[in-house]
1. Looking at the stretch 72-185, what helices (runs of 4 or more DSSP H) fall wholly within it and have at least 1 residues that are at pLDDT 95 or above?
2. Inspect the stretch 158-180 for any residue being out of contact with any Asp or Glu (no Cβ under 8 Å at 6 or more places or on another chain), among the acidic types (D, E) and closer than 23 Å to N31 by Cβ and give the result as yes or no.
3. Considering every residue within the stretch 156-165, establish whether at least one is among the hydrophobic types (A, V, I, L, M, F, W, C) and closer than 19 Å to L42 by Cα.
4. So which residues in the stretch 122-131 are surrounded by fewer than 21 Cβ atoms within 10 Å (Cβ to Cβ) and in contact (Cβ under 8 Å) with a residue 12 or more places away in the chain?
5. Quick check on the stretch 28-46: of everything there that is crowded, with 21+ Cβ neighbours inside 10 Å and hydrophobic (A, V, I, L, M, F, W, C), which residue is modelled with the lowest pLDDT?
6. Restricting attention to the stretch 92-103, which residues are closer than 20 Å to W9 by Cβ and in contact with a strand residue (DSSP E or B) (Cβ under 7 Å, 6 or more places away or on another chain)?
7. Check whether at least one residue in the stretch 6-16 is within 23 Å of V117 (Cβ to Cβ), more than 12 Å from the chain's Cα centre (by Cα) and not in a helix (DSSP H, G or I), and report yes or no.
8. Look at the stretch 158-172 and say how many of its residues are crowded, with 18+ Cβ neighbours inside 10 Å and either within 12 Å of A187 (Cα to Cα) or more than 16 Å from the chain's Cα centre (by Cα) (or both).
Amino acid sequence: MAKLRTTTWAQRNYEGLARARDEAVRLEFYNPTIVNIGPGGLVDFLFEYFPSGTKARWTLIQKLRRGALKIIEDFLRNHDLFDLRTSEPEEIARLFEKLYPKEIYVVDSQPKVMDAVRRLDESGKIGPKVNYGLVDLMNGNIPVTGEVVIAYHVIQTTSNPQRALETIAASVKQGGILSLDRDYNLAGFTRRERGLYLKD
């Protein structure tokens, strides 16, 4: 299994999520199925110490603090003694709340991240309609399609980014939204803005 690294923090992808939500509102996607691919996580007891939001908006002190914490977190997360925490599914549930999602389906390749999603689900913070499962983007398909598919900082970390992109793109319903953290050359999609696509 690949070495786990610090992959997220609170509101890391908030701006991308907000753009995807605004596009879903524009398209009147009420009761959408939302697929959250690779939400990531970090060591639970360190979560509150990491700065939140996008790195571009951090102060120098916040960047230095994150750098020091990342060294500790990278080491600790690879030992089974420590649970991880993930926040992206909860952020999605909160941002998309007024669209009344039919389901939020969360997938990741790491069992420890799925354990974090399970605990988040059991806490009731992502609502009653959440499902989740392990998916290897290199060797399998995502078992559900969605009107909104979210995959941030996932594709470039795989051994075959093109294969990962194809697997993710296949999980978007016709006319649906794909929200990524960067631009890709995507056949069969229309680019709306940076990292945001509609499936033709």
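The values are calculated or read from the model by the stated rules, or taken from the named source; none is laboratory data. Nothing here was measured: the structure is a model prediction, and the numbers come from that model. Every residue, glycine as well, gets a Cβ built from its backbone with ideal geometry; the counts of neighbours run over all protein chains shown.
1. Here the list reads 88-95, 161-170.
2. Among the residues of the stretch 158-180, not one is out of contact with any Asp or Glu (no Cβ under 8 Å at 6 or more places or on another chain), among the acidic types (D, E) and closer than 23 Å to N31 by Cβ, which makes the answer no.
3. No; the residues of the stretch 156-165 include none that is among the hydrophobic types (A, V, I, L, M, F, W, C) and closer than 19 Å to L42 by Cα.
4. K125, G127, K129, N131
5. Among those residues, the one meeting the criterion is L42.
6. Residues satisfying the conditions are I92, A93.
7. Yes, that holds for at least one residue.
8. Residues in the stretch 158-172 being crowded, with 18+ Cβ neighbours inside 10 Å and either within 12 Å of A187 (Cα to Cα) or more than 16 Å from the chain's Cα centre (by Cα) (or both): 2 in total.
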